[in-house]
Amino acid sequence: MKQDASLTGRALKMAADEIIVTKTDLDGRIKYGNRTFYKFAGYSEADCIGTQHNIIRHPDMPRSVFKLFWDTLKSGEEIFAYVNNRSKNGDHYWVLAHVSPSRNTSGEVVGYHSNRRAPNERVLSDVIEPLYDKLLQAERSVASPKEGLAAGAKAIDDLLSENKATFNQFIFSLGV
């Protein structure tokens, strides 16, 4: 993966009993984060509330994975995925994220709720990191960001077609 100059290369590890929780509005602006979120992100609550959740986006996360996130969430469904996040100081930390729509009493989606836990290290090194490298290569192999996003999305679609699975089914087949 390409190394950004603002990255330290240091990986933070979540303990098995830690859970990161955030809640956002429909546009992805943070409305709530638990202490564990702020610990790993390296930001204060004041830094984050009202800020786009992508404040912690790692530059080596494939854009096509986030497209899949948003397409799934906007359809009213939940999604599970491995995500590499960046801390304020440039460290990074991998998580297994579960993101779901939050609904009001009328059933309307009013935001999103995310729980993240420590990833399965074997799945991460054996499957996810090589997969995300492949997606990044697809995204960077074309002339424009729009074409790159389409190339990454096609690579995900091809993977799911090969496995005869939805993305969530694929993630769970890995033994999360």
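Quick notes
- Any hit, region 41-52, residues being part of a helix (DSSP H, G or I), exposed (fewer than 14 other Cβ atoms within 10 Å of the Cβ) and touching a residue at least 12 places away in the same chain (Cβ under 8 Å): yes
- Just so you know, in region 49-83 the residues that are among the polar types (S, T, N, Q) and under 22 Å from Y32 (Cβ atoms) include one that is farthest from the chain's Cα centre (by Cα), and it is T51.
- Some residue of region 103-121 being among the charged types (D, E, K, R), modelled with pLDDT of 95 or more and in a helix (DSSP H, G or I): yes
- Any chance L7 is among the hydrophobic types (A, V, I, L, M, F, W, C), crowded, with 16+ Cβ neighbours inside 10 Å and either closer than 22 Å to N120 by Cβ or out of contact with any helix residue (DSSP H, G or I) (no Cβ under 7 Å at 6 or more places or on another chain) (or both): yes
- Qualifying residue in region 9-20 (condition: at positive phi, at pLDDT below 95, over 15 Å from the mean Cα position of the chain (by Cα) and part of a loop (DSSP other than H, G, I, E, B)): yes
- The listed residue being out of contact with any strand residue (DSSP E or B) (no Cβ under 7 Å at 6 or more places or on another chain), modelled with pLDDT of 95 or more and either surrounded by 15 or more Cβ atoms within 10 Å (Cβ to Cβ) or under 18 Å from L160 (Cα atoms) (or both), out of V65, V83, V127: V127
- Boolean, K74 is charged (D, E, K, R) and free of Cβ contacts under 8 Å to residues at least 40 places away in the same chain: yes
The values are calculated or read from the model by the stated rules, or taken from the named source; none is laboratory data. All of these numbers come straight from a predicted model, not from anything done at the bench. Because the Cβ atoms are built from the backbone with ideal geometry, glycine has one as well, and the counts that use them run over all protein chains shown.
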